[in-house]
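What follows is a single structure, written as structure tokens, with notes after it.
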């Protein structure tokens, strides 16, 4: 699909800055076109843009910012990620998936494992080295406990960098 839309959960500023530093240190520079993020949906069809622009602000207005927590590390095979625990975010994602039922790609039909990719498309040895060292760096984040995802962000995939389309801050009261 050409130029699909990607939906992410925005990270809190402090966790975003931490993850960005790790990406700069460990992601292959020639491939590091993106900021640290949590992908909720990988590919909405371009034909859904108007519906996404209408629907996402309504969801963000209705629901309170979902909680998440740093859980540990995730082995991506040829990469490494920060694993997150985010049941409220997954419940919100489930509602969005139900709304767009019949329009989701095969990849987006599977329940995601929330994470922040720190390194990808490296050798298995490089990934194992970061996998071994990252847990100690995460201790303060695990100890800190829950955080909130402040917003949803919609992007257009442009073959490398993503074009920002719309950010919808959570401002509702309803908890999932």
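Bear in mind these aren't lab numbers, they're just calculated from the coordinates by the rules spelled out. Not measured: the values here are computed from a predicted model. Neighbour counts are summed over all protein chains in view; Cβ atoms, including those assigned to glycine, are modelled from backbone coordinates with ideal geometry.
For region 142-159, the residues whose backbone nitrogen is under 14 Å from a point 7 Å from the Cα of residue 171, taken along Cα to Cβ, are 151-152.
Where does each of 1, 74 land when they are ranked from fewest to most other beta-carbon atoms within 10 angstrom? The partial results should precede the final answer.
Details: 1 11, 74 19.
Listing 1, 74 from fewest to most nearby Cβ atoms yields 1, 74.
Quick one: helix 87-99 against the long Cα principal axis of the chain, what's the angle to the nearest 10°, folded into 0 to 90? Compared with the principal axis, the helix lies near 40 degrees.
Assuming 0.36 nm per residue, please report the length gained on full extension of the stretch residue 30 to residue 111 beyond their Cα-Cα distance. It would help to have the intermediate numbers written out before the result.
Working: separation 81, 0.36 × 81 = 29.16 nm, distance 2.97 nm.
Extra length from residue 30 to residue 111 when fully extended: 26.2 nm.
What's the angle, to the nearest 10 degrees (0 to 90), between helix 49-62's Cα axis and the longest principal axis of the chain? Taking the Cα atoms of the chain, the angle to 49-62 is about 80 degrees. Based on alpha carbons, the Rg and Dmax found for region 82-176 are 16.4, 46 Å. Over all Cα atoms in region 5-169, the spread is summed up by Rg and Dmax: 15.8, 45 Å.
From its DSSP helices (H runs of at least four residues, each -39,500 (n - 2.57)), the chain gives a residue-normalised ellipticity at 222 nm of -12000 deg cm²/dmol. Considering only 64, 83, 129, the Gaussian network model of the chain with Cα springs below 10 Å gives its largest mean-square fluctuation to 129. Relative to the dominant Cα principal axis of the chain, helix 124-144 is inclined by about 70°.
Highest mean first, the peptides 150-157, 89-96, 168-175 sorted by other C-beta atoms within 10 Å per residue fall in the order 150-157, 89-96, 168-175. One decimal place: the segment residue 59-residue 47 gains 2.3 nm when fully extended, by the rule 0.36 nm per residue minus the C-alpha distance.
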